[in-house]
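Some notes on the structure that comes next.
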Amino acid sequence: MHLIWPWQDRNRKFSGLKAVTLALMFWPAVGLLYSTATGAFGITPLGELTFWSGIWSMGILLLALSITPAASIFRRNRLIIVRRMIGVTALIYTLAHIVIYFALRFWNFTVIANEMVTSVSLLAATVSTVGLGALGATSLDAIIQRMGPENWNRLHNLIYIITALALIHFLVVPEMYSEQYIACGMFFWLMVWRLLNRHGRGTDSRQLAMLAVAACLFTAALEAGWGWLYYGYEPLGTLGTNFSLVLGVSAAWKILVLGLLIALAATWQQTFRKPPKVSV
């Protein structure tokens, strides 16, 4: 068995794309360590580290799910070679998030175990982490060959359920954060895009523009509905805040802008990029 380093392709040649991706995967960790060392997280940084390590693990997991749409819309099939690296990185950040949480609880496993079985948030997080660990453990080429492509794909399709559970963990927290709804809006976009792509419409700029609007409305409705059910906030007030720019750019607006930029990119591809020549 020949060892392939993370910055090499399957032919064991240097891959600039994989090398850059690998370097970027270290960037959030470096930022968290820098904020801790400089006192930006205060004299007791574990709370901030727990929060931001969770944010980054969620973000990187969504990034892994974004590789397939990006490869299709931007016609960059080579992006697929970094999908596994990004997924494994999400697992590493998740494990770091758990270790930091254990430290925040002073390694009191009695308290931790009680919270894991009584808290909906931690129960969802536990199941999600176990599932993500199983996917990470089966990401080696030798295991893929042993399982066979069909069984491997069937197992790794659980990533959608795993991500949904991670989002539940993210939502069921004592306070509301914009990042919660941005993540949920992105997940909505990614799931609906897969349905569109299954029907051959994943690169249709009009469909993508409509998806951007739908994801925006979903994000706004989720924030208003969840804020009402879980936190007791008045839903119409939350909706008004979501669609107003006076109090800042809401999660819904950010999802809309991101979705429309993707639709514009698809339009550019269709208008200015020639399809690759097919040799006969």
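The values are calculated or read from the model by the stated rules, or taken from the named source; none is laboratory data. As the structure is a prediction and not an experimental result, all values here were calculated from the model. All Cβ positions, glycine included, derive from the backbone under ideal geometry; neighbour counts span all protein chains shown. Note: areas computed on protein heavy atoms with side chains; ligands, DNA, RNA excluded. Shrake-Rupley method; radii C 1.70, N 1.55, O 1.52, S 1.80 Å.
At a glance:
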| item | result |
| --- | --- |
| Selection from region 1-31 of residues that are touching a Ser or Thr at 6+ places or on another chain (Cβ under 7 Å) and closer than 16 Å to Gly87 by Cα | Trp7, Met25 |
| Exclusive hit being hydroxyl-bearing (Ser, Thr, Tyr) and either within 30 Å of Thr271 (Cα to Cα) or at pLDDT 95 or above (or both), set Thr138, Thr89 | Thr89 |
| Residue count, region 113-133 (criterion: touching a helix residue (DSSP H, G or I) at 6+ places or on another chain (Cβ under 8 Å) and over 17 Å from Pro174 (Cα atoms)) | 8 |
| Which numbered condition Tyr233 misses (of (1) out of contact with any Gly (no Cβ under 6 Å at 6 or more places or on another chain); (2) outside any helix (DSSP H, G or I); (3) of a type outside the set (Gly, Ala, Ser)) | (1) |
| Residues satisfying the stated conditions in region 75-92, i.e. in contact (Cβ under 8 Å) with a residue 60 or more places away in the chain and either under 18 Å from Trp7 (Cα atoms) or touching a Pro at 6+ places or on another chain (Cβ under 7 Å) (or both) | Arg78, Leu79, Ile81, Val82, Met85, Ile86, Gly87, Thr89 |
| When residues of region 32-43 are limited to those that are open to solvent by less than 40 Å² (accessible area, probe 1.4 Å) and not in a loop (DSSP other than H, G, I, E, B), the one farthest from Ile81 (Cα to Cα) | Ser35 |
| Unique match (being polar (S, T, N, Q), touching a residue at least 24 places away in the same chain (Cβ under 8 Å), at negative phi and open to solvent by 30 Å² or more (accessible area, probe 1.4 Å)) among Ser53, Ser72 | Ser72 |
| Selection count where residues are more than 25 Å from Ile168 (Cβ to Cβ) and free of Cβ contacts under 8 Å to residues at least 40 places away in the same chain, scope region 207-229 | 2 |
| Test for Thr94: is it β-branched (Val, Ile, Thr), open to solvent by 30 Å² or more (accessible area, probe 1.4 Å) and either over 26 Å from Phe26 (Cα atoms) or part of a helix (DSSP H, G or I) (or both) | no |
| Within region 98-205, helices (runs of 4 or more DSSP H) holding 3 or more residues that are open to solvent by less than 80 Å² (accessible area, probe 1.4 Å), without any contact (Cβ under 8 Å) to a residue 40 or more places away in the chain and farther than 30 Å from Asn77 by Cα | 109-118 |
| Leu245 of a type in the set (A, V, I, L, M), without any contact (Cβ under 8 Å) to a residue 24 or more places away in the chain and outside any helix (DSSP H, G or I) | yes |
| Any hit, region 257-270, residues being without any contact (Cβ under 8 Å) to a residue 12 or more places away in the chain and of a type in the set (S, T, N, Q) | no |
